[in-house]
Amino acid sequence: MSENDLIQNVQQTQKEFELALDVAKDAEAIEALRIQYLGRKGCVADLFKSLSTIPSENRKAAGQALNQLKTNLQTALDKKFDNVKNINTSVNEFDVTMPGNWPDFGRLHPLTKVTREIKQIFSNMGFGVADGPEVESEYYNFEALNIPQGHPARDMQDTLFIDEGFVLRTHTSPVQIRTMESKQPPLRIISPGRCYRRDTPDASHSPMFHQVEGLCVDQGITFADLKGVIQNFAQQLFGSDVKIRFRPSFFPFVEPGAEYDFTCLICRGQGCRVCKGTGWVEISGAGMVNPKVFEHVGYDPEKYTGFAFGMGIERIAMLLYGINDIRLFFENDIRFLQQF
Amino acid sequence: MKISLNWLKQYINIDVSTEDLAAKLTLVGLEVEDITSVGASFSGVFVGEILSVDKHPNADRLSVCQVSMSTETLNIVCGAPNVSAGQIVAVAKVGAVLEGGFKITPAKLRGVKSFGMLCSERELGISDSHDSIMALDPDKFVVGNEFSLENSLEPDIVFEIAITPNRPDCLSHLGVAREVAAIFNTPLNIPDINIKESTKAVESLININIQDVQGCPRYSARVIKNVKISESPQWLKERLEAVNLRSINNVVDITNFVLMETGHPLHAFDYNTVEDHKIIIRNAKQDESFTTLDSQKHKLDPGDLLICDGLRAIALAGIMGGQNSEISDSTVNILLESAYFDPKKIRRTAKRLGLSTDASQRFERGADPNGVIYALDRAAQLMAEYADGEISQGIIDCYPKKINEHSVNVRPARVNHVLGSNFSVDIMTDVFNRLYLTTTGKDPITVTIPTFRPDLTHEIDLIEEVVRLHGFDKITPKALTTIPLSDNRNTQVDFIDRIRDFFIGSGFNECVHSSMVPEWQAGIEKDRMAISIKNPLSPETACLRTRILPSLLSAVVWNQNRSESNLKLFEIGKQFCIENGKYYEALAVSAVITGIDNRGSYWSDDNKKWDFNSIKGVMASLSDSLHIKLDMDVMKHSLYNNEQSVGISLNNQSIGHLGRVHTKISEKWNINNDVFAFEILISPMSNATNARTQFIPLPKYPAVKRDLAFVVDSHLHIGEIINVINESGGETCTNVDLFDIYHGDQIPSNKKSAAFALTFMSLERTLTDKEIDPLITKIVNAVEKHFQAVLRS
Ligand SMILES: [Zn+2]
């Protein structure tokens, strides 16, 4: 073995020792290390043995390095031993300001939380939950909802097309039709789910968003019932002082059709920037089911009346949590998700 | 639709504030989306005279002024140094809107109330000067008058109104004025027609032939000779500018004006360019093409309707005229067209050619076939007045089959039955009459529908009119009382919530991603055919995702790039693909785990890197919490690393997979760390689950634990040993847990030691060694025999 080799071995041993010392946690482990390195048959003793194989005129540097190693190890072991001893003796000084060990828990997405609240409120009013496909036929998405081919109302929503006869549903309203086709009144359902429109994303538009559609059909259902349900919903979700307002509007599958507003949550109706000074925030559309829709599903429009309403879940969540950009919902930034 | 208030007020006489009018229109379904001012950049500013100036009691720099507005005197606090009694000034009263949208409201300045503001030049958009108030020339301004600047356009307010597609009648100023008249119950003043015709009969000047009566039920025309093409008068320019139309010349401007006034599109041809003085309305021939006046050449098909002269096409009916016959500075004689075209036909052509014009928008929603003549006459009269034209005698009116008004019966009881209201017949009749719908009878009320309201065809349409004008606020909300008996419980929804609850309880954050992904993500597995979108917004959203996992990988990289690389995420959503030529979508749940377990204790150094066993443990505990027995077996899958990949099955049906995400995949996302993941289908699990677990009585006798350690081949799967122990241990051996795996000292290098804790239990008695020992022997023998294992003593 050359002198250089030996010096390298010395350095290597020093490194290995430091790593081992780092993980040694108690007096026992430190004692074991002392034996392993400085004991009679320890590493350092071995290295001294190999020193003797090197011609004496070339030993000087290696000898110095080896002595230094021995001193280093001894000092380090003593120091660590004292540390461990101190920890053990100071065990009574309990530090209650240390951060606790958190149990592992995750968070529901804010859209899930809001959807659950909406479902709960409508469930209390006797509404069940229904679902349908997201790749939907044009018949269910348009025709059956009284939006015939070639009608200007088709331009009201920009549609994403899949192929001949199929689209990504632009609303969850097709679920209405599917439900009415399979069941007879009385009927009370809501259908939450994903919807798609060809909208360029910005702070208030997303090409994919979530909607809840509600439907109630029975004998003697009136617009007054619709107002009652929406009012009850608004007050349960936003507080009992919230007022509702209906404005006439046009959706081919309901008539009379309306848009409904809630009093602004920020200013409580006084007028502020969020509501552009009107005191109202627009929620979504609603109305009485158009008799033409009943004809499509084979209900007798003279016998039955019903109402339908929609709402955007993102919109509600943005109002509830004060979120100002819809795109945040779909970025899934952990710093966002962990706020809810 | 832009509506100018000055223009609107030509037809109705109302005294109401801008905000009030906007609110009222919105409440009858004509939603005012925006209000802008044109001409002057301020409104509500009046001329006032300062009567007195007093020092403000609490502020040195402010003065308190008494300002006369002729009919009233206002208390106004002012900060300008030059204010003095006797000055004539511009006063922004409460409600005024100044440059930059600044709105004047009553204010309290250091304890003194102030009802308005004395304007500097900056507030009125005249200059940047705002140190001193603007003193006006007493000879030019009259106290009390509205303040306006010289040489500017007449100040006007423009409403941007969202007209729903069912209301083509409101795409004009007269149409909106009719609604306003109905709201305020005031008369509508439709401009009178007063035409002086020449002696030259129009029949001698033009000949009209409709070949497609379905596509063009009515075509009428006038000829106006010797017009002088010139600049439009100021009033006409102002009207057009207010609705964002560029002034071109008097004749073209008049057709546009009448369009915006009546909602009926007109077209003016240069009469001298109309070959043979003949107009033929026909469908295009196959492969015929036509150049519209915007210089675009369009390829037509036989569904497109053309206006032609004796030789060629001169206009795309109802959409746009042609270059070959357009009005130019040298035009002398005009052929003025006013027609009614089939809405579907115009819409089809406009859509196909991507040509949406003011004319096509109105025709495709439905113009008024019986408004044709009024619009024609109105334009002719204006051309005589403002272009010195001579109107030839008579109108050519081709109207082969008259479209008549129809009537609809409304049952008053039905109105209240649908609305839940208690409206009287008088209220209903009043609403109809205000909307220019004539009525007869009381039950039913027979309502005659004019042709400008193509949206009113059924009883329900008229029920809507009643509540639209009378107000939704007249309906008292009612709580739903009866509870329908139906099978509304959706157990799948409950099941999904149980999955969500498991994940958040296990430290996973829920994600929601768009279902639309780029093609490379949807095609991540070669054998899964993605559904692609025909008209995607961008290549980034061209396909529907075939798995949820790629979305979670996107979340991993998004967060990794924001220095958050220790993540536990899950998402529930649909997988989409094409299977056997059919669109297939299925609800699935996917989860990823990556980085280290840093469970809150950042200061502790015993954090551990997540690994394959971590994700497998999640899967196993999910299965346990749902009470569904899921099997995990070795299965290679392209998404995962070859050696760390298992398939998940339920009752021998494959429902998903789990493993360490293949490096090749995570590299595509630029993810630095190992990611462990799974994805399984939800429906098979929710179908298999028994909603209720059945209770098993607690054991009355204590369990006995024994440990066994075997030295086995290092490649042997532990799962196989556990299976053999379970089999040979029989019912009495109720549980087998692995508690140690050991390589190293005393174990040959190609072997490992595996130690198991076995639990023995009987429901009938306490087990004795005599009973357990033979079982242990049996188990040891079986394991030794199967795997050439050696029991460690
Ligand atoms: Zn507000």
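What follows draws every value from the coordinates through simple rules; no lab data is involved. Note that this is a predicted model, so its numbers are computed, not measured. For neighbour counting, all protein chains shown are included, and Cβ atoms are generated from backbone atoms with ideal geometry for every residue, glycine included.
For the range A:191-340, relative contact order (Cα pairs under 8 Å, six or more residues apart, normalised by length) works out to 27 percent.
Just list whichever of A:LYS183/B:LYS582; B:LYS526/B:LYS574; B:LYS93/B:LYS140; A:LYS276/B:LYS55; A:LYS243/B:LYS9 have alpha carbons separated by over 29 Å in the model shown. Kindly include the intermediate steps, with their values, before the conclusion.
Details: A:LYS183/B:LYS582 26 Å; B:LYS526/B:LYS574 19 Å; B:LYS93/B:LYS140 20 Å; A:LYS276/B:LYS55 37 Å; A:LYS243/B:LYS9 34 Å.
Beyond 29 Å between Cα atoms: A:LYS276/B:LYS55; A:LYS243/B:LYS9.
Its alpha carbons give the range B:107-250 an Rg and a Dmax of 24.9, 81 Å. Here's the list of lysines a cross-link from B:LYS344 could span, going by alpha-carbon distance under 22 Å and ignoring same-chain residues fewer than 8 apart: A:LYS292, B:LYS285, B:LYS299, B:LYS401, B:LYS402. Inter-chain neighbour count for A:159-172: the average number of beta-carbon atoms from partner chains within 10 Å of each residue's beta-carbon is 3.
Note on B:ASN189/B:ASN651: beta-carbon distance plugged into 1/(1 + (r/R0)^6) with R0 of 56 Å gives a FRET efficiency of 0.10.
So what is log10(I(q)/I(0)) for the range B:315-365 at q = 0.19, 0.24, 0.31 1/Å, when the Debye sum runs over its Cα atoms only? After summing over all Cα pairs, the log10 values are -0.65, -0.89, -1.21. Eigenvalues of the alpha-carbon gyration tensor of the range B:333-487, scaled by 5 and square-rooted, set the equivalent ellipsoid semi-axes at 42, 21, 14 angstrom, largest first.
Order these peptides, B:465-473, B:65-73, A:209-217, by their mean beta-carbon neighbour count within 10 angstrom, highest first.
Values: B:465-473: 20.6, B:65-73: 16.4, A:209-217: 23.7.
Those peptides, ordered most packed to least, come out A:209-217, B:465-473, B:65-73.
Taking every alpha-carbon pair under 8 Å whose residues sit at least 6 apart, chain A reaches a relative contact order of 14 percent. Hey, if you put +1 on the Cβ of every Lys and Arg and -1 on every Asp and Glu Cβ in the protein assembly as shown, which of A:GLN14, A:MET98, B:PRO748 ends up farthest toward the positive end of that dipole? The one lying farthest along the dipole's positive direction is B:PRO748. Nearest 0.05, what FRET efficiency do A:TYR321 and B:ASN561 give at R0 = 41 Å with Cβ-Cβ as r? In this case the efficiency is close to 0.95. In the range B:639-793 the Cα-Cα distances spread across 10 Å bins starting at 0 as 9, 25, 26, 27, 11, 2, 0 percent of all pairs. How many angstrom lie between the Cα centre of the range B:738-760 and the Cα centre of the range A:151-228? Cα centres, the range B:738-760 to the range A:151-228: 60 Å.
Charged neighbours of B:ALA80, selected by a Cβ distance under 12 Å, balance to -1 (K, R count +1; D, E count -1). Placing +1 on the Cβ of every Lys and Arg and -1 on the Cβ of every Asp and Glu, with no other charges, gives the protein assembly as shown a dipole of roughly 2220 debye about its Cα centre. If you find the alpha carbon centre of the range B:294-329 and of the range B:19-55, how far apart are they in angstrom? Spelled out, the Cα-based centre of one part sits 45 Å from the other. Ranking B:CYS398, B:GLY354, B:ALA413 by Cα position along the charge dipole of the range B:338-413, where only Lys, Arg, Asp and Glu carry charges on their C-beta atoms, puts B:ALA413 farthest toward the positive end.
Within chain B, helices built from complete DSSP H runs that reach 18 Å or longer along their own axis (Cα positions) and carry a mean Kyte-Doolittle hydropathy of -1.0 or higher are B:372-387, B:491-505, B:612-626, B:769-787.
Under Stokes-Einstein, with the Kirkwood radius over Cα pairs as Rh, the value for the range A:155-247 at 20 °C and 1.002 mPa s is 137 µm²/s.
Only lysines eight or more places from B:LYS228 in sequence, or on another chain, were considered; those with a Cα closer than 28 Å are B:LYS196, B:LYS200, B:LYS237, B:LYS278. The residues neighbouring B:LYS278, those whose beta-carbon lies less than 14 Å from its own, together hold a net charge of -3 under the Lys/Arg +1, Asp/Glu -1 convention. Kindly list the residues of the range B:244-274 that lie in the label zone of B:LEU311, defined by a backbone N under 15 Å from the point 7 Å along the Cα-to-C-beta vector. Output list for this probe position: B:270-274. Ellipsoid fit via the Cα gyration tensor, the range A:222-340: semi-axes of 31, 18, 12 Å, each the root of five times an eigenvalue, largest first.
Counting, for every residue in B:516-522, the Cβ atoms of other protein chains within 10 Å of its Cβ and taking the mean gives 1.
Working note: Debye formula, equal point scatterers on the alpha-carbon atoms of the range B:265-399, no solvent; log10 I(q)/I(0) at q = 0.18 Å⁻¹ is -1.06. At full extension, B:HIS743 and B:ALA586 could sit 52.1 nm farther apart than now, given 0.36 nm per residue minus the alpha carbon distance. Inter-label distance, B:ILE35 to B:PHE695: 6.9 nm, where each label sits 7 Å from its Cα along the C-beta direction.
Shape analysis of the range A:3-93 based on the Cα gyration tensor places the equivalent ellipsoid semi-axes at 31, 11, 10 Å, largest first. For chain B, the Kirkwood estimate of the hydrodynamic radius, built from every pair of different alpha carbons, is 35.5 Å.
Over the Cα atoms of the protein assembly as shown, compute the convex hull volume and normalise it per residue, giving Å³. Don't jump to the answer; show the numbers that get you there.
Details: hull volume 352.4 nm³, N = 1133.
Measuring per residue, one finds 311 Å³ for the Cα hull of the protein assembly as shown.
Summarising the amide proton neighbourhood of B:ASN735: residues at separation of 5 or more, or on other chains, whose placed amide H is nearer than 5 Å comprise B:THR759. Rg ratio for the range A:110-337: its Cα radius of gyration over 2.2 N^0.38 Å, N being its residue count, equals 1.00.
What's the average, rounded to a whole number, of partner chain beta-carbon atoms within 10 Å of each residue's beta-carbon in A:96-107?
Working: counts 0, 0, 3, 5, 2, 5, 6, 4, 10, 9, 13, 6.
Taking all residues of A:96-107 together, the mean is 5.
At a 10 angstrom cut-off on C-beta neighbours, averaged per residue, how do the peptides B:328-340, B:164-176, A:44-56, B:665-677 rank from highest to lowest? Can you show the working numbers first?
Working: B:328-340: 20.6, B:164-176: 23.8, A:44-56: 12.9, B:665-677: 19.1.
Peptide ranking by packing, descending: B:164-176, B:328-340, B:665-677, A:44-56.
Spin-label model, B:THR446 to A:ASP5: label points 7 Å out along the Cα-to-beta-carbon direction sit 12.2 nm apart.
The calculated FRET efficiency for the pair B:SER198 and B:GLU146, based on their C-beta separation and a Förster distance of 45 Å, comes to about 0.55.
The modelled label-to-label distance for the pair A:ALA203/B:LEU109, using points 7 Å beyond Cα in the direction of Cβ, is 3.2 nm.
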